Amino acid sequence: MTVGAGNPRTSAEGGHDVVIDVDNLRMIYPAPKPGALPTVAVDGVSFQVGRGEIFGFLGPNGAGKTTTISILTTLLQPTAGHARVEGIDVGTRPNDVRRKLGLVFQRSTADEELTGRENMAIQAGLYGHSGTSVDRRVTELLVQMDLGSVGDRLVKTYSGGMRRRLELAVGMVHDPKLLFLDEPTLGLDPQGRAGFWRYIRTLRGSEGVTVFMTTHYLDEADQLCDRIAVIDRGKIVATGTPKELKDGIGGDTLEVAVAPGAADLSPLLTPMPGVKAVSRREDSYRVKCTNGEQLIPKVVLAAEQAGISVRGVTVAKPTLDEVFLELTGHAYREEGESPKEDRSGGNGGGSDQGRRP
């Protein structure tokens, strides 16, 4: 299943100011021992990310997410294919690519025995920045992330939410225009998650940052992402806006309850514009349709004209959880499952076990 890439504002199709360009990317891990088979972690992946987008990259553990990110951030060399960041090949010019990136992983990388300000200054120094301009940048980001009052405190005294905001500030201190977020809100409470993403929206608005993100919280992806790519078993199985992906599995669902013993409503529902499927169970009907709100008055009117008493009508919007189940055949994360460390040795995400060739 492949869904369109969205409107011109969010689409990277047709060469629309492409920041990330991935073309037929493959990554095969060698056999771990004699007699074993190599593992195909990424299998012909292609996609683009446009400037200013928040682009979601979703998939189950072992789908190839972390391997793809590790290639894009120059931590791994691909077996085949090409990946470019701002037109720069990640394989042949990794140092140039790294200068363009900011990274925030799910695990904290800050030194707890240093202050927030010191952590940021060290990161800036690694990128060759120093002096009064760095001091200004550090202070500016600390204030922007609501860390101005604790910037000179040791990181080990920070709360979980403060640490995540510091990680974001550290990732932005060298002023990158492309930010990779690998499950950055994992372990935060709902308030902390909401706060973190508020800062991301602010960064995009004030600094024009492009965001490439993974998350296991599908509500985050639904609310934040301009477009999403779903990867499973090393292949991209769908791309599109959240709305396009949800519409692609059948749109809205109407639940229509009628009086016991009423005549069959199905013949009246099936030919209605926008209705994709109708199923009946005793005195209730499940109607898959493109726009549930617009269909409700038509359903009620048709039932009344046929002498059928409608007891109630509810409309349910599709969710990304349903999209994921439809595309991959299983829930995004089984209850109680936690992310595993990538076998490639990267700093985040799930274990990219891939598949055997």
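What follows is calculated from the coordinates using simple rules that are stated; it is not laboratory data. Fair warning: this is a prediction, and the values are worked out from it, not measured in the lab. Neighbour counts are summed over all protein chains in view; Cβ atoms, including those assigned to glycine, are modelled from backbone coordinates with ideal geometry.
Viscosity 1.567 mPa s, temperature 4 °C: what is the translational diffusion coefficient of the chain from Stokes-Einstein with a Kirkwood Rh over Cα pairs, rounded to a whole number of µm²/s?
Working: Rh = 22.5 Å.
My calculation gives 58 µm²/s for D.
Pairs of alpha-carbon atoms within less than 8 angstrom and 6+ residues apart define the contacts here; what relative contact order does region 250-317 have, in percent?
On the way: 123 pairs, mean separation 32.6, N = 68.
Value for region 250-317: 48 percent.
For VAL237, the amide hydrogen comes within under 5 Å of the amide hydrogens of VAL230, ILE231, ASP232, counting only partners 5 or more places away or on other chains and with H modelled in the peptide plane. Points 7 angstrom from Cα along the Cβ direction at THR132 and THR157: gap in nanometres? My value for the distance between the label points is 2.9 nm. Among GLU293, GLU304, GLU244, the largest mean-square fluctuation in a Gaussian network model of the chain, built with springs joining Cα atoms closer than 10 Å, belongs to GLU304. Only beta bridges with both residues in the chain are counted; by DSSP, about 70 percent of them are antiparallel.
Of all lysines in the structure, those lying under 26 Å Cα to Cα from LYS156, and not within fewer than 8 positions of it along the same chain, are LYS340.
Does region 58-136 come out rounded, prolate or oblate by the C-alpha gyration tensor, with a ≥ b ≥ c the root eigenvalues, rounded set by a/c under 1.5 and, if not, prolate when a/b is larger than b/c and oblate if not?
Numbers: a/c = 3.30, a/b = 1.55, b/c = 2.13.
Oblate is the answer for region 58-136, as a/c is 1.5 or above yet b/c matches or exceeds a/b.
Phi angles of region 147-154 translate, via the Karplus equation with coefficients 6.51, -1.76, 1.60 and θ = phi - 60°, into HN-Hα couplings of 10, x, 7, 10, x, 9, 8, 5 Hz per residue; Gly and Pro are given as x. Annotation: peptides 323-330, 201-208, 70-77, ranked by per-residue average of other Cβ atoms within 10 Å with the highest first, follow the order 70-77, 323-330, 201-208. Annotation: region 250-317 has a Kirkwood hydrodynamic radius of 11.6 angstrom, from the mean reciprocal C-alpha pair distance. Ranked by the mean number of other Cβ atoms within 10 Å of their residues, highest first, the peptides 212-225, 49-62 fall in the order 49-62, 212-225. Relative to the current alpha-carbon distance between ALA31 and GLU282, full extension at 0.36 nm per residue lengthens the span by 84.8 nm.
Can you tell me which lysines have their Cα less than 30 Å from the Cα of LYS317? Leave out same-chain residues fewer than eight positions away. List returned: LYS65, LYS235, LYS243, LYS246, LYS276, LYS288, LYS298.
Taking a point 7 Å from the Cα of ASP17 along the Cα-to-Cβ direction, the residues of region 61-93 with backbone N closer than 16 Å to it are 86-87.
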